[in-house]
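First the structure, in the form of structure tokens, and then the observations on it.
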Amino acid sequence: MALSGLTFTGASQFAFVTVIAAHGTVIAATIGALTLAMRNSLYGPALTDYLLGRGWRRFVTAQFIIDETTAMALAHPEQSRRSFWWTALWLYSLWNLGTLLGHAGASQLGDPAALGLDAAFPAAFLAMLIPLLRTRRIILVAVTAAAIAIAAVSFVPAGIPILLAALGILAGRGMTR
């Protein structure tokens with residue numbers, strides 16, 4: 001519950017728990033989780049035009065910058081703050097409720113892969129991405145970033161392909177303006 005409350009990024013939580021479950025050290029689990037979470041910091045520049053804030057408000061906002069809140073803010077620029085916070089508060093509440101329910105009864109579900117739950121996160125990510133693909137340039141940047149991640153996955157540690165793709169998106173962001 002503490003991990004879900006303090007580390008509001010699913011990929012990082014799963015990475016942390018996976019390393020611990022494989023009898024890895026807390027340090028290794030933390031480094032892996034932080035590496036995956038770094039991609040969320042790359043969303044910040046894309047959101048600064050929409051989510052201005054100072055001091056402690058900026059710190060609180062940073063806690064909720066994840067794939068879903070970024071996608072909603074960027075997909076609805078005329079209501080970006082409302083979209084961001086509506087998504088953040090619902091997801092945070094439901095994520096933590098799901099963690100509690102999972103802790104209480106996950107063993108009753110059986111194998112998550114048999115239920116297709118392993119495909120839920122990639123499917124959700126694609127569903128968030130599609131509305132943002134509005135121009136040829138943006139599509140080119142997205143395809144290039146995906147190619148970078150796919151090419152890197154065999155050669156670099158877990159989490160790094162996503163960071164490389166995110167850096168490619170940032171580099172391409174200048175091309176889309």
What are the pairs, 6+ residues apart or on separate chains, where a residue within segment 63-79 that is in contact (Cβ under 8 Å) with a residue 60 or more places away in the chain and over 21 Å from residue 135 (Cα atoms) has its Cβ under 7 Å from a residue that is assigned to a helix (DSSP H, G or I) and not aromatic (Phe, Trp, Tyr)? none
Could you run through segment 128-152 and say how many residues are closer than 20 Å to residue 73 by Cβ and among the hydroxyl-bearing types (Ser, Thr, Tyr)? 1
Considering segment 141-177, residues that are touching a Ser or Thr at 6+ places or on another chain (Cβ under 8 Å), modelled with pLDDT under 80 and among the β-branched types (Val, Ile, Thr), and then whichever is surrounded by the most Cβ atoms within 10 Å (Cβ to Cβ), we arrive at 160
Pick from segment 23-80 the residues that are under 20 Å from residue 91 (Cβ atoms) and among the polar types (S, T, N, Q): which of them is nearest to the chain's Cα centre (by Cα)? 40
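A quick yes/no check of all residues on (1) touching a residue at least 12 places away in the same chain (Cβ under 8 Å); (2) in a helix (DSSP H, G or I); (3) small (Gly, Ala, Ser):
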residue: 127; (1), (2), (3): no, yes, yes
residue: 130; (1), (2), (3): no, yes, no
residue: 145; (1), (2), (3): yes, yes, yes
residue: 148; (1), (2), (3): yes, yes, no
residue: 156; (1), (2), (3): no, no, no
residue: 164; (1), (2), (3): yes, yes, no
Picking from 33, 28, which residue would you name as being over 22 Å from residue 76 (Cβ atoms) and without any contact (Cβ under 8 Å) to a residue 12 or more places away in the chain? 28
Within the bounds of segment 110-124, is there any residue that is more than 24 Å from residue 3 (Cα to Cα) and either under 18 Å from the mean Cα position of the chain (by Cα) or at pLDDT 80 or above (or both)? no
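The values are calculated or read from the model by the stated rules, or taken from the named source; none is laboratory data. Small disclaimer: the values here were computed from a predicted structure and weren't measured. No Cβ is skipped: glycine too gets one built from the backbone with ideal geometry, and neighbour counts run over all protein chains shown.
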